[in-house]
1. Does residue 50 satisfy being in contact with a strand residue (DSSP E or B) (Cβ under 8 Å, 6 or more places away or on another chain), assigned to a helix (DSSP H, G or I) and at pLDDT 95 or above?
2. Kindly check whether there is at least one residue in segment 41-55 that is farther than 21 Å from residue 92 by Cα, touching a helix residue (DSSP H, G or I) at 6+ places or on another chain (Cβ under 9 Å) and free of Cβ contacts under 8 Å to residues at least 12 places away in the same chain.
3. Consider segment 97-112. How many of its residues are modelled with pLDDT of 80 or more and over 21 Å from residue 1 (Cβ atoms)?
4. Which of the residues that make up segment 7-21 are outside any strand (DSSP E or B) and in contact with a helix residue (DSSP H, G or I) (Cβ under 9 Å, 6 or more places away or on another chain)?
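The values are calculated or read from the model by the stated rules, or taken from the named source; none is laboratory data. Everything numeric here is computed off the predicted structure, so don't read it as measured data. When we count neighbours, we look across all protein chains shown, and the Cβ atoms used for this are built from the backbone with ideal geometry, even at glycine.
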């Protein structure tokens, strides 16, 4: 399951239908999606991920003016970034699963 290419992100489209899209789809056709369809705590997490992607893709706008100037660049820059780093967004990669520690093993829960 790769977050860049596999549909997982619930959004509403311009016809107010629920769709599941990949990160690539989000950046490829930003005008087709009205909103994320997530619970509040999920929304915060996904928005933070999206902000990180855009921040890295744009090489870090530092203030609100730079962000406003970069708005039109976000889709293309986001796609470029995701294509470059796509292999790192694989949830089940054997060596580097996305935001996980591959070598982590279940421990003994004898906390007495």
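1. Working: in contact with a strand residue (DSSP E or B) (Cβ under 8 Å, 6 or more places away or on another chain): no; assigned to a helix (DSSP H, G or I): yes; at pLDDT 95 or above: yes.
Spelling it out, it is not the case that residue 50 is in contact with a strand residue (DSSP E or B) (Cβ under 8 Å, 6 or more places away or on another chain), assigned to a helix (DSSP H, G or I) and at pLDDT 95 or above.
2. No, that holds for no residue.
3. Looking only at that region, the number is 2.
4. 7, 8, 14
Conditions tested, residue by residue: (1) exposed (fewer than 11 other Cβ atoms within 10 Å of the Cβ); (2) more than 22 Å from residue 29 (Cβ to Cβ).
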| residue | (1), (2) |
| --- | --- |
| 63 | yes, yes |
| 84 | no, no |
| 89 | no, no |
| 98 | no, yes |
| 105 | yes, yes |
